[in-house]
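Reviewing the structure listed below.
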Amino acid sequence: MYDRSIGFGLEHIGLAALRYPRAIALAVLAFSIVCATQIPRAWVDGDLLRIYAHSGHYYDAYEHLSDTFGTFENDLYLLVSSPTLTQPETLEQVRELAFDLELNEFAVGTMSPFTLRKPDGGGTSVPAVPEGMTDFAQVALALSQLQQNDPMMRNLITPDLTGVVLIMFPNQDMVREHGTKAMIASVRDTIAYYADSDIDVELTGPPIWTTEMVNAAVSDQIKFTLWGFGLGTLIALLALRSVPGALMVAATPFVAVMWTMGMVILLFGSFSFLTIIVTTLVLVISFAESMFFVFNWLAYWRAGMEPNKAVDATVKLVGPATALTMLTTLVSFASLALTPGQGIREFSIAGAIGSALLFVCLMTFMPLMLKAALRIGFKAPGRPSLVLTAPLPLSWFLASRFGRPLSILAIAVTLLLFIPYGLIQPHFSFEDFVARDSSALATAAEIDSGVGGVAPIYIRVPLKQNDPDVGDADFETIKAAHQILERHLGQNKVISAASASNYIESGFSRAEVLESVGPFMRHRFVTDDGSQALITGFMPTIVDSDALKQLVEDVDRELAAAGVENAEIGGFRILTTYATDQIVRGLQLDLTLSVLVNLALIGFAFQSFRVALASAIPNLFPVLGTEAWLYFSGAGLQLTTVIALTIAFGIAVDDTVHFLSHYLHGRREEGRTHMEAIKHTLERIGGAIVGTTIILCSGMVIVVFSDMPQVALFGTLFVSTLGFALIGDLFILPALLAAGGRFFQPLGRIRVRMADHDPTPDDPTGEAATEIIRSNPSTT
């Protein structure tokens with residue numbers, strides 16, 4: 001007989017709260033104050049690079065590229081449209097706007113048709129767009145020739161001559177000091193003077209996208225929190241049919257979320273697009289666990305136990321199982337940390353901390369609050385709503401009558417679902433990271449359709465001559481790489497030191513041409529020491545990840561064939577596509593590891609591999625089923641997809657642990673037969689399993705309506721996985737236990753300690769739970 005705690009002794013935190021209520025209450029209050037003081041500092045960091053930071057080769061390459069040349073990834077794009085752009089008066093207004101934009105306090109430089117210059121043959125340069133034009137035909141001819149013949153103008157002037165693109169290069173020190181919102185507001189003030197019925201100015205670019213994403217994330221979090229608390233409390237009210245009871249269920253989630261937010265801010269200083277999801281997860285999980293705790297407490301009370309003693313009995317019986325469920329959830333979060341990437345690791349750490357704090361809150365704040373409620377006269381509500389217990393007769397009927405065929409079917413389906421699990425591939429879509437109905441993304445799409453896109457892709461080429469003005473041999477190397485990229489992106493969709501070949505062929509020196517573009521743009525063509533050159537291509541903002549990967553592979557192969565040695569293709573889109581692919585594959589392995597470790601943990605806790613096997617099918621089925629849907633729908637594995645499945649699995653295991661814990665308790669302490677224990681477990685906690693799943697799914701269903709597609713996908717998969725897990729726990733698990741009667745018969749001899757016999761002030765003998773169950777064997 002094994003006499004050990006399945007919660008590895010962690011339930012003693014709850015026992016300490018019962019023995020030393022005043023000291024623990026003061027500690028809870030002090031910690032709550034510390035965390036509450038941090039919440040006013042909460043903000044969401046909109047930097048997408050934070051998710052990919054330190055994720056491996058692709059991030060390191062992008063960081064090196066950015067440090068060496070600077071990139072177009074932080075630039076602000078202005079699409080200036082006018083049906084009268086070819087009128088001299090309108091053109092000059094837009095020219096003035098471009099110059100005012102260059103003088104903006106947040107700008108270190110700009111690129112536009114009006115700031116670009118061309119050599120004049122006398123050692124100086126003149127504006128690329130001539131000044132002083134007086135009639136429509138002259139303007140139209142000048143713009144048309146520039147748009148067709150000048151590579152940089154091709155990316156800045158629309159073919160129909162009704163729009164131009166202005167690019168502002170932000171001063172990153174100013175942005176860090178004052179914030180992206182301040183920069184955008186300043187730019188909007190600059191352009192407001194010029195916007196009228198004839199001129200329309202729209203903003204886009206990464207700073208706008210991230211601002212929209214931050215706004216959407218903050219809006220989501222407010223909605224998620226209000227919805228979660230409101231709906232969770234409402235469901236508790238309907239289930240318990242008691243307003244005070246519902247408020248007590250909601251109190252623990254409130255404290256747990258406050259603790260989690262405070263610690264995340266203390267550790268990381270801010271939330272990211274991933275860590276902000278943790279607070280919603282903690283909210284719904286704590287609601288579910290709180291409901292489970294209250295259900296058990298009220299069951300003891302209704303059975304005749306003195307209510308204060310019932311609190312003690314609940315801590316002793318539920319505490320070890322809750323500790324084990326906390327560990328399974330923590331393992332799921334912790335497994336994510338094995339995949340490189342700052343954003344994933346922060347999410348992993350935040351989730352693990354939230355899981356631990358949730359358990360501590362449940363074991364300390366909850367029992368103290370219940371006893372305080374009893375002191376002020378709280379009365380036991382009636383029996384729980386019949387809605388929660390409605391599926392239980394069907395569950396018992398199927399398990400007792402059709403346990404074997406149902407088990408065989410469940411095992412066969414689960415095994416078949418391993419096929420799509422092995423075949424599914426990662427998929428990345430940039431627009432899924434941008435807020436729905438994004439005006440900036442719509443503007444980017446307009447630029448895509450007008451000038452063919454402004455999303456940059458880079459080729460870094462090492463040079464051999466170390467000439468800042470680019471020697472002949474190096475120029476041929478740059479030109480070869482330039483032409484290769486241009487063949488894939490389109491004529492005049494690439495800029496580099498070889499862009500102005502027409503000027504060089506006209507007799508201008510390379511030094512004159514490079515000097516004419518200005519020092520800022522020159523640095524984006526070649527380094528000051530002439531050791532490296534950069535070729536920049538422009539492609540549509542919205543491009544399929546598979547198409548992008550094919551482009552990179554083709555260009556890389558052609559560069560090698562052309563003898564361009566050690567060239568490196570990079571850029572933010574390359575980083576996000578390839579790093580996401582790498583991260584998702586790592587997360588898929590983390591999910592597999594999480595499943596294996598959690599099943600092993602359950603088996604070790606219960607000291608039985610039979611228990612681990614019993615828990616395997618009902619918990620593998622929902623995860624594998626959801627992945628199969630992703631495979632057959634063509635959605636593939638995305639960043640939040642695998643995270644959602646991993647965390648949902650860790651949470652889904654919770655109900656299985658509670659079920660097996662009560663089943664074994666019935667066999668050991670209550671002396672029930674195998675089938676009696678299954679039926680009694682269904683009757684006793686089946687309603688709680690239904691109720692907690694409803695709370696979990698209802699609390700997360702609002703996430704499905706997030707303005708962020710990736711967050712919405714997270715919510716969809718989380719809810720569907722938990723829905724399938726409910727089927728596994730209510731129908732598959734009882735059927736497996738019933739069908740494997742002989743196989744599971746030895747479980748009755750396993751002694752699993754539930755802290756039942758630990759003395760507490762209201763239960764000094766430690767026998768309250770055992771006595772009340774034995775005297776009321778039909779207690780539900």
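Values quoted throughout were computed directly from the atomic coordinates according to the rules given, and no laboratory measurement underlies them. Fair warning: this is a prediction, and the values are worked out from it, not measured in the lab. Note that each Cβ is placed from the backbone with ideal geometry, even for glycine, and that neighbours are counted across all protein chains shown.
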Review point. Mind checking the angle between helix 709-727 and the chain's longest principal axis? C-alpha axes, 0 to 90 degrees, to the nearest 10.
Key: 20 degrees
Revision key, fill the gap. Debye calc, one equal point scatterer per Cα of the stretch 1-119, no solvent, log10 I(q)/I(0) at q = 0.18 1/Å comes to -1.07
Exercise for review: Quick one: which residues, 5 or more positions from ILE6 or on another chain, have an amide H under 5 Å from its amide H? H modelled 1.01 Å from N in the peptide plane, none for Pro or chain starts.
Suggested key: ARG753
Practice item. Please state the charge dipole magnitude for the stretch 76-204, taken about the Cα centre, from unit charges on C-beta atoms (+1 on K and R, -1 on D and E), reported in debye and rounded to the nearest 20. Key: 440 debye
**Study point:** Residue order, fewest to most beta carbons within 10 Å, for HIS178, HIS665, HIS57
**Key:** HIS57, HIS178, HIS665
Exercise for review: Could you run the Karplus curve 6.51 cos²θ - 1.76 cosθ + 1.60 with θ = phi - 60° over the stretch 664-679 and give me ³J(HN,Hα) per residue in whole Hz, x for Gly and Pro?
Suggested key: 5, 5, x, 5, 7, 7, 9, x, 7, 6, 4, 5, 4, 5, 5, 5
Point to revise | the stretch 656-721 and the stretch 553-597: distance between their alpha carbon centers, rounded to Å | key: 38 Å
**Study point:** Angle in degrees between helix 21-38 and the longest Cα principal axis of the chain, rounded to the nearest 10
**Key:** 10 degrees
Revision key, fill the gap. Placing each pseudo-label 7 Å from Cα in the direction of the beta carbon, ARG241 and ASP135 end up separated by a distance in nanometres of 9.1 nm
Exercise for review: Just tell me which lysines come within less than 27 Å, Cα to Cα, of LYS679; anything on the same chain fewer than 8 places away is out.
Suggested key: LYS309, LYS316
Study note, to complete from the structure: Partner lysines whose C-alpha sits under 16 Å from that of LYS479, ignoring same-chain residues fewer than 8 away, are LYS464, LYS493
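Multiply the residue separation of PHE397 and ALA185 by 0.36 nm, subtract the distance between their alpha-carbon atoms, and state the gained length in nm to one decimal.
Stretched fully, the PHE397-ALA185 segment lengthens by 69.8 nm.
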Review point. From the phi of every residue in the stretch 583-589, what ³J(HN,Hα) in whole Hz does the Karplus formula 6.51 cos²θ - 1.76 cosθ + 1.60 yield, where θ is phi - 60° and glycine or proline is x?
Key: 5, 5, 4, x, 5, 5, 5
**Study point:** Dmax and Rg, reported as Rg then Dmax, of the chain (C-alpha, Å)
**Key:** 32.1, 106
**Study point:** Angle in degrees between helix 545-561 and the longest Cα principal axis of the chain, rounded to the nearest 10
**Key:** 50 degrees
Study note, to complete from the structure: Two pseudo-spin positions, 7 Å from Cα along C-beta at TYR20 and at PHE268, lie apart in nanometres by 3.3 nm
**Study point:** Spin-label model distance (nm) - GLU565 vs ALA195, 7 Å beyond Cα toward Cβ
**Key:** 5.4 nm
**Study point:** Amide hydrogen neighbours beyond the local backbone of THR110, cut-off 5 Å, H modeled
**Key:** PHE169
Check your understanding: Where Lys and Arg each count +1 and Asp and Glu each count -1, what net charge lies around ALA321 among other residues with Cβ under 11 Å from its Cβ?
Key -> -3
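Order these peptides, 181-190, 618-627, by their mean beta-carbon neighbour count within 10 angstrom, highest first. Let's see the in-between values first.
Working: 181-190: 16.2, 618-627: 24.7.
Taking the mean over residues of other Cβ atoms within 10 Å, the ranking is 618-627, 181-190.
Tell me, HIS54, HIS674, HIS482 in order of fewest to most beta-carbon neighbours within 10 Å? Let's see the in-between values first.
Numbers: HIS54 12, HIS674 18, HIS482 25.
The order, fewest Cβ neighbours first, is HIS54, HIS674, HIS482.
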Review point. Cα centroid distance between the stretch 602-616 and the stretch 8-29, in Å?
Key: 29 Å
Check your understanding: Non-local amide H neighbours of GLN638 (under 5 Å, H modeled in plane, Pro and chain starts lacking H): which ones?
Key -> HIS427
Practice item. Quote the FRET efficiency, to the nearest 0.05, computed for LYS464 versus GLN145 with a Förster distance R0 of 45 Å and r equal to the Cβ-Cβ distance. Key: 0.80
Review point. Taking LYS223 as the anchor, which lysines have their alpha carbon closer than 29 Å to its alpha carbon, excluding any fewer than eight residues away along the same chain?
Key: LYS181
Study note, to complete from the structure: From fewest to most C-beta neighbours within 10 Å, the residues LYS493, LYS379 line up as LYS379, LYS493
Revision key, fill the gap. The stretch 180-201 and the stretch 404-423 have their Cα centres apart by a whole-number Å value of 59 Å
